Amino acid sequence: MPKRIPEPELDAILAVVAAHPQGVQVSAVREGLPYALPPRMLQRRLALLVEQKRLVAEGRGKGRRYRAPAVITRSGNLIAGNAAVEARAEVYVPVSAAAQDIRQAVRAPIQKRRPVGYQRAFLDDYRPNVTYYLPAETRQRLLDMGRPADGGRPAGTYARTIYSRLLIELSWNSSRLEGNTYSLLETERLLELGEAAEGKDALEAQMILNHKAAIEMLVDQADEIGFNRYTILNLHALLSDNLLVDPQAGGRLRRIPVAIDGTVYHPLEVPQLIVECFEAILDTAAAINDPFEQAFFVLVHLAYLQCFEDVNKRVSRLAANIPLIRGNLCPLSFVDVPERAYIDGVLGIYELNRVELLRDVFVWAYERSSARYSAVRQSLGQPDPFRMRYRPLIAELVAMVVREGMDKRAATALVRQRAAEQVPPEDQARFVEVVETEIMSLHEGNIARYRLRPAEYHTWRQGWR
């Protein structure tokens, strides 16, 4: 997969451009950056930002200028420049004051952040069932949300009940947090029919298929999985299949140094120390009694250690589901989690050994997953204002897909087109996900809300491929 451009570099370019509401030329962008960047590299980054619609390019040749696009806010106001960039940056999860401090620290220019190495004390100072990253009231709240009414059933029962949805949504959301560009419907088509999306990198399809295999292992072997070498190493082998430069590195602890783009954190390099810390993480996690504390502990420490050559965060996200699946609790699918919020939280672990931001993301994500899978809508308070704001357009698109007998490919194209035409840029990704989820959730018992007749629904369902 092509090497991803570090987000802090893109943020630095956006900041320079936003300081010039009337537009700025490439030479001025280069001069305004806090670091030297070769002309061709800068051009590639500018082209990427234009492609992502985070910048607007005007003119040609030497007269070409870049500016921040105007944004229509949820109140209907038009803003531009610095305000537009700031508005898009606020697509985030609610966080505490301590988490806001972490967010600010990890978003400072990378040259101003102090390089740090792996801090063994961060792991060694944790005492199972004495130290807690999650407060007692938070753990209880998550348990109340995630525990099914028919508790006491065998391990994995809950996950198997929602298996088809979990397989698609966890595969999609975890891949999305790695920059994968597949849509929810494209992911469903890939997993159910084996059809890769046109124009997408084959490695993106491989990433999603690997998630499917890993989730299948966790659910099918719910009675056997745990925080042991077998589970975690095989989880990595499945998630990294056909994605590593060295095929033998799948399921094997790291023996070489690695660097992580966009951070000043330098992971351990000595293989023996990596093994020691890996074993300590497993032993500590296995000794924790509370399933949510277990889940968050491994989410933090497996990613922090970087015990594999690559695919570490993916392993940590799926490993966080082990105690939830074993405990017959609602799984964590990271639904609706903004990529930037998750990355900021992980950087807070890497560079500061502070858990508050990632903890806020974890708790919010579990609330969303519980609402999705456990039908505990009251945990989210009032109806989703986003869905209410776009309710007419959502209903129109769902009905159009059914009445015109669209298949998944045609539906994906329609939803993306309408989003680009009628939805502000900062809301487009969420809007597409909401509409696709509504389409995928259609059944005989809810088609009346879209004023669809049973005959229309059954005709459409026969061709829904």
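Nothing in this text is a laboratory measurement; each read-out follows from the coordinates by a stated rule. Small disclaimer: the values here were computed from a predicted structure and weren't measured. Quick reminder, even Gly has a Cβ in these numbers, built from the backbone with ideal geometry, and neighbours come from all protein chains shown.
Between the C-alpha center of the stretch 297-317 and that of the stretch 45-66 there is a gap of 36 Å. The helix-only estimate of mean residue ellipticity at 222 nm for the chain, built from DSSP H runs of length n ≥ 4 each weighted as -39500 (n - 2.57), is -17000 deg cm²/dmol after division by the residue total.
For the stretch 427-442, backbone phi angles converted through the Karplus equation (6.51, -1.76, 1.60; θ = phi - 60°) give residue-by-residue couplings of 10, 5, 4, 5, 4, 4, 4, 4, 5, 4, 5, 4, 5, 5, 9, 5 Hz, Gly and Pro being listed as x. Within the stretch 97-380, the proportion of C-alpha pairs whose separation exceeds 26 Å stands at 41%. Karplus-based coupling profile of the stretch 458-464, in residue order and whole Hz: 5, 4, 5, 4, 5, x, 7, with θ = phi - 60° in 6.51 cos²θ - 1.76 cosθ + 1.60 and x standing for Gly or Pro.
If you filter the stretch 430-465 for GluC sites (Glu not before Pro), then keep DSSP loop positions with at most 11 other Cβ within 10 Å, what is left? Walk me through the intermediate numbers first.
Numbers: sites: 433, 436, 438, 444, 456; in loops: 444.
Qualifying residues, ordered by number: 444.
Considering only DSSP beta bridges where both residues belong to the chain, give the percentage that are antiparallel (nearest 5).
Working: 7 of 9 bridges.
The antiparallel fraction comes to roughly 80 percent.
Packing, as the average of other Cβ atoms within 10 Å across residues, places the peptides 41-47, 397-403 in the order 397-403, 41-47, highest first. Would you mind counting up the charge near residue 186? Only other residues with Cβ under 15 Å from its Cβ, with Lys and Arg at +1 and Asp and Glu at -1. Here the count lands on -2. Here the Karplus curve 6.51 cos²θ - 1.76 cosθ + 1.60, taken at θ = phi - 60°, turns the phi angles of the stretch 52-57 into couplings of 7, 6, 8, 9, 10, 9 Hz, with x standing for Gly and Pro. Residues whose amide H comes within less than 5 Å of that of residue 354, counting only those at least five positions distant or on another chain, are 349 (H built at 1.01 Å from N in the peptide plane). Each Cα pair under 8 Å and six or more residues apart adds its sequence gap; the mean of these over the residue count of the stretch 97-380 is a relative contact order of 29 percent. A dipole drawn for the chain from +1 and -1 charges on Cβ atoms has a positive end, and of 412, 263, 156 the residue lying farthest that way is 412. The stretch 243-291 and the stretch 393-465 have Cα centres separated by 42 Å. Averaged over residues, the count of other Cβ atoms within 10 Å places the peptides 317-327, 261-271 in the sequence 317-327, 261-271, highest first.
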